[in-house]
Structures are given as C-alpha cells and as structure tokens.
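Engineer: Questions regarding the structure given below will be posed in turn.
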Amino acid sequence: MTSSIDDARRQTWSAGTYDTHARFVSDLAGGVVEWLALKPGERILDVGCGDGVLTAELKAAGADVVGVDSSPDFVAACVAKGLDVRLMDGQSLSFGPEFDAVFSNAALHWMQDAEAVAKGVSNALKPGGRFVAEFGGHGNVAAIVTAMRAIAMKRGGDLSLAHPWYFPAPEVYRELLEANGLAVKRIALIPRPVVLKTGIEGWLMLFRKPFFQQFENEAESALAETIELLRPALCDAQGNWTADYVRLRVEAVRT
Ligand code: BEZ
C-alpha cells in the first residue's frame, strides 16, 4: 500500500502533456533504432514504451512488438492506437525467453533498480537475442540537477527529489549487464544538447513536478529561482533554452 506522501513524490505521466513538451524524445531516437537493426517478423519487447510512438514505428517496420509501461495513462494511449502494450514496471518484467530483441528508449533512467531491469531483460531474451537501449548516461542534465539541488539546500528541501534518476557511466553499466548474462557488443556516451521548443519551465514541470511541489505555497517561487539559476548556462541571447542531455547507448547479446 502507498501513502499520499509517496503519491506526492511519484512522477506521473499524461500522454497529452508529454506530446506537447517532449515529442523530441522519440524524434531523436533514430540512432538507437538503427542499432536495433530490426528484421521483419522479429518479436520485440519495448520496455518503458511511453506513448507508443516508437512502438508503432517498430510495428510498422514489421515487428511483432509488445510494449510495457508503468503509467496507466500511457498504456491507455497505446491501446487506443491498437498496440499490444501492457501495464508492467520494467523493474519487474515477467517474461520468459521469447523475444529476439529487447528495446528501450529514454526510459531506463527512471528505473533506479537497474539490476532488476537487467535480470528481467536477460530472462526475456532468447539465447543470442539482443538488448538495444538508449537512456540518460553519466552527466545527463547535470546543470538542471545542480540548480535544483542548490534550491533544495537553500530552502531546506529534499535533495533526493532533485535527482530520482539512474545515469550510469559506460563501464558501470557494462559490468552490470555482463553480471546478468548480457555480453556488451558496443556502448557509448553521447552528448546531445536538445533545444527545448517549449522552454525550460515546461520541461521542469513535466519531469520534476514533485521536486517543486514539496515547497507547497512556495512552489512557484522555487521554480522561478531555479529558472534564473539555469538561465546563464542553458538559455541563449535569443531566449532559446537547451537541455544538457547525455545519452548512454548500448547493444548487448544474451549469452
Ligand atoms: C532524459 O531523457 O535524459 C531525461 C528525461 C527526463 C528527465 C531526466 C532525463
């Protein structure tokens, strides 16, 4: 059972808001989809499939694709598009060895129990099956995290709400995968500054609302102060905001 305090700390998702402020996430997935090198007829598991835009692309390319996500709103949006998407947390995958590949884009950094993810992925793959994923790597959104931490320190807030993510360095992630029956073929940290067409406020409220909500009636001023801290680092003279993304991309094979 969860309490209302847990609920307030939890990230929640709305397919509509995500589409407005974060469409770039699937738009920028070309590289990881290329690494997947899908062959028509392959059975693919898409972990943390979100609103299913990439799941639908994989299906259109000929895959027999199953998606999983822990957000009921995302799952409903996917099912409405006719996709086979199930409500399941990537940290408790319950599949046997039935997939040719497990794919994931921009989701695994939300799953702090990376060991549980690796075990579930490994169990879901046929021998020789591949795991191809991209997510936040070491140093991802470092300026944004640092600004929120500074605000939490100044206002007596909870620092952990400024960084609820898992952003591993390549060697750390390689070790984790190899300890779980996944031999790494290639792994790379890829800096990817992303221009935020709807600005930084939309990003912060979409991805870190619980951090600001902790300040209750001071939430708006905490948000305004965070934005001012970030402005010199992430906003150019024309008012364009860029998020300091760093991707970790990996391909591994089930041994
Ligand atoms: C990312 O895609 O790297 C990301 C998205 C939202 C929050 C943190 C990281």
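The values are calculated or read from the model by the stated rules, or taken from the named source; none is laboratory data. Just so we're clear, the structure is a prediction, and the values are computed from it rather than from any experiment. Glycine gets a Cβ as well: all are built from the backbone with ideal geometry, and neighbour counts include every protein chain shown. When the accessible area is computed, the model is the full protein with side chains, heavy atoms only, and any ligands, DNA or RNA have been set aside. Shrake-Rupley method; radii C 1.70, N 1.55, O 1.52, S 1.80 Å.
Engineer: Of all residues in the stretch 92-116 being of a type in the set (G, A, S) and assigned to a helix (DSSP H, G or I), which is surrounded by the most Cβ atoms within 10 Å (Cβ to Cβ)? Let's see the steps before the verdict.
Structural biologist: First, pick out the residues of the stretch 92-116 that are of a type in the set (G, A, S): 92, 94, 96, 101, 104, 106-107, 114, 116.
Right, trim to assigned to a helix (DSSP H, G or I) and you get 92, 114, 116.
On the way: S92: 14, A114: 20, A116: 16.
Step by step, filter the stretch 92-116, then rank; the result is A114.
Engineer: Would you mind stating whether A224 is among the small types (G, A, S) and under 23 Å from F103 (Cα atoms)?
Structural biologist: Details: among the small types (G, A, S): yes; under 23 Å from F103 (Cα atoms): no.
Against the criterion (among the small types (G, A, S) and under 23 Å from F103 (Cα atoms)), A224 does not qualify.
Engineer: Hey, another quick one. Looking at V141, is it within 16 Å of the ligand (Cβ to nearest atom) and among the β-branched types (V, I, T)?
Structural biologist: Answer is yes for this residue.
Engineer: Could you list, in sequence order, the residues of the stretch 4-19 that are under 16 Å from D73 (Cα atoms) and at pLDDT 80 or above?
Structural biologist: R10, Q11, T12, W13, S14, A15, G16, T17, D19 - these are the residues of the stretch 4-19 that are under 16 Å from D73 (Cα atoms) and at pLDDT 80 or above.
Engineer: Quick check on G30: is it open to solvent by less than 60 Å² (accessible area, probe 1.4 Å), without any contact (Cβ under 8 Å) to a residue 12 or more places away in the chain and not hydrophobic (A, V, I, L, M, F, W, C)? Talk me through it step by step, then tell me what you get.
Structural biologist: Working: open to solvent by less than 60 Å² (accessible area, probe 1.4 Å): yes; without any contact (Cβ under 8 Å) to a residue 12 or more places away in the chain: yes; not hydrophobic (A, V, I, L, M, F, W, C): yes.
Judged against the criteria, G30 is a match.
Engineer: Name the single residue, out of those in the stretch 199-219 being touching a helix residue (DSSP H, G or I) at 6+ places or on another chain (Cβ under 8 Å), open to solvent by 50 Å² or more (accessible area, probe 1.4 Å) and assigned to a helix (DSSP H, G or I), that is nearest to the ligand (Cβ to nearest atom).
Structural biologist: Per the stated criteria, the residue is M205.
Engineer: Next up: Working only within the stretch 76-91, note down all residues that are more than 16 Å from A124 (Cα to Cα), in a helix (DSSP H, G or I) and either free of Cβ contacts under 8 Å to residues at least 60 places away in the same chain or out of contact with any Gly (no Cβ under 8 Å at 6 or more places or on another chain) (or both).
Structural biologist: Selection gives A76, C78, V79, A80.
Engineer: Give the stretch 185-198 a look and list any residue that's assigned to a strand (DSSP E or B), more than 12 Å from the ligand (Cβ to nearest atom) and under 15 Å from T20 (Cα atoms), or say none.
Structural biologist: V195
Engineer: Just to be sure, is K119 among the basic types (K, R), open to solvent by 40 Å² or more (accessible area, probe 1.4 Å) and under 17 Å from S26 (Cα atoms)?
Structural biologist: no
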